[in-house]
Amino acid sequence: MRTNLRITAAATTALIAALSLSACGSDSGSKGSDKAAASPSASAPATSATDGGRQGASTGGDTAGTTGGTGGTSGSTGGSGSTSGGHSTAKPAKSTGKSSGGQSGSGSGSGSGRHVTCTGSTIKLTATPVSRPINHVLLTATNTGKTTCDAYNAPAVKFSNAQSPIAVDKDTIPQAVVSIAPGQSAYAMVRTQGEPDGTDPYMTSQVVVYFVGAVDNGSVGRSAYASLSKPVGVVDAQAMATYWQSDLGAISAW
C-alpha cells in the first residue's frame with residue numbers, strides 16, 4: 001500500500017513537471033513571436049542614418065538651387081544687377097531716347113511738314129532758249145534750301161530792258177499749288193515774241209524773275225536772275241509766261 005502511494009506521488013510530480021515545462025515553452029514561443037512581429041522584415045532594405053542624411057541634404061540643395069535660379073532670372077530681366085539668395089538687386093535700364101536703329105527720333109527738312117514761299121533766297125534760276133516752239137525760253141527754278149517751298153501762281157518775268165513784267169497765260173493754271181522739295185525743280189515757259197507785226201524786237205541775254213505770295217498781291221522776297229546762253233529777241237507786247245508747273249510735260253508744247 002505504501003508502495004502504491006509512492007508510485008502515485010511520483011506520477012503526480014512528473015505530471016506537474018510536464019505541465020510546467022509545457023507552459024514555459026508556450027510562453028517562450030509567444031514572446032518570440034511578438035519580438036519577430038515587432039522587428040523589421042528581413043526582406044525590406046533598411047535605410048541607414050548616413051543615407052537619410054544624404055537624401056535630406058540633396059533635397060534641401062535642390063530646393064535652394066531652384067529658388068536661387070528664380071532670383072537669377074528676375075535679375076537678368078531687370079537689366080544689369082546681381083542676385084543673392086534668390087532675390088534680384090537689378091535696377092531698371094534707363095531709356096536712351098533712341099530707336100532700335102540707333103537714330104534719334106527728331107526730324108528736319110521737308111520731313112517736318114513746314115513749307116515756305118519760294119523766293120530768290122533759296123531758288124536757283126536757269127533760263128534756256130528752246131528750239132521748238134520757236135521764240136520760247138524755259139525757266140527752271142531749283143530749290144537749293146533745306147525746306148520745301150511753294151511756288152505760287154506764275155513768275156513775274158522781266159527782261160533786261162522791260163519796264164514791267166510780261167503777261168501771264170491764265171489757261172495754264174495748275175490744279176494745285178506747286179511745291180518744290182529741296183533739290184527738286186519747277187518749270188515755266190516764256191514766249192519772247194509772237195507773229196511779226198512790224199515791231200522790231202530788242203535783243204537781251206538776261207532775265208529776272210520775281211516771286212509772288214499766296215494772295216498774288218505783289219512780289220515777295222528776293223528776285224532771281226539768270227543769264228541766257230545766247231541773246232533772244234523780245235517784243236514786250238507779245239511776250240507771255242505760263243504758271244509754275246511741277247511737270248515739264250504740261251508746258252513743253254505750249
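Throughout, read-outs are computed from the coordinates displayed, never taken from laboratory work. This structure is a prediction, so every number in the text was calculated from the model and none was measured. Because the Cβ atoms are built from the backbone with ideal geometry, glycine has one as well, and the counts that use them run over all protein chains shown.
The figures follow:
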read-out	value
Qualifying residue in the range 169-181 (condition: surrounded by fewer than 16 Cβ atoms within 10 Å (Cβ to Cβ), out of contact with any Pro (no Cβ under 7 Å at 6 or more places or on another chain), part of a strand (DSSP E or B) and not basic (Lys, Arg))	no
Residue within the range 130-145 that is basic (Lys, Arg), outside any strand (DSSP E or B) and within 49 Å of the chain's Cα centre (by Cα) present	no
Failed condition for VAL207, given (1) within 29 Å of GLY145 (Cβ to Cβ); (2) in contact with an Asp or Glu (Cβ under 9 Å, 6 or more places away or on another chain); (3) of a type in the set (Val, Ile, Thr)	(2)
Qualifying position, being surrounded by fewer than 16 Cβ atoms within 10 Å (Cβ to Cβ), aliphatic (A, V, I, L, M), out of contact with any Gly (no Cβ under 7 Å at 6 or more places or on another chain) and closer than 18 Å to ASN153 by Cα, among ALA239, ALA214, ALA188, ALA253	ALA214
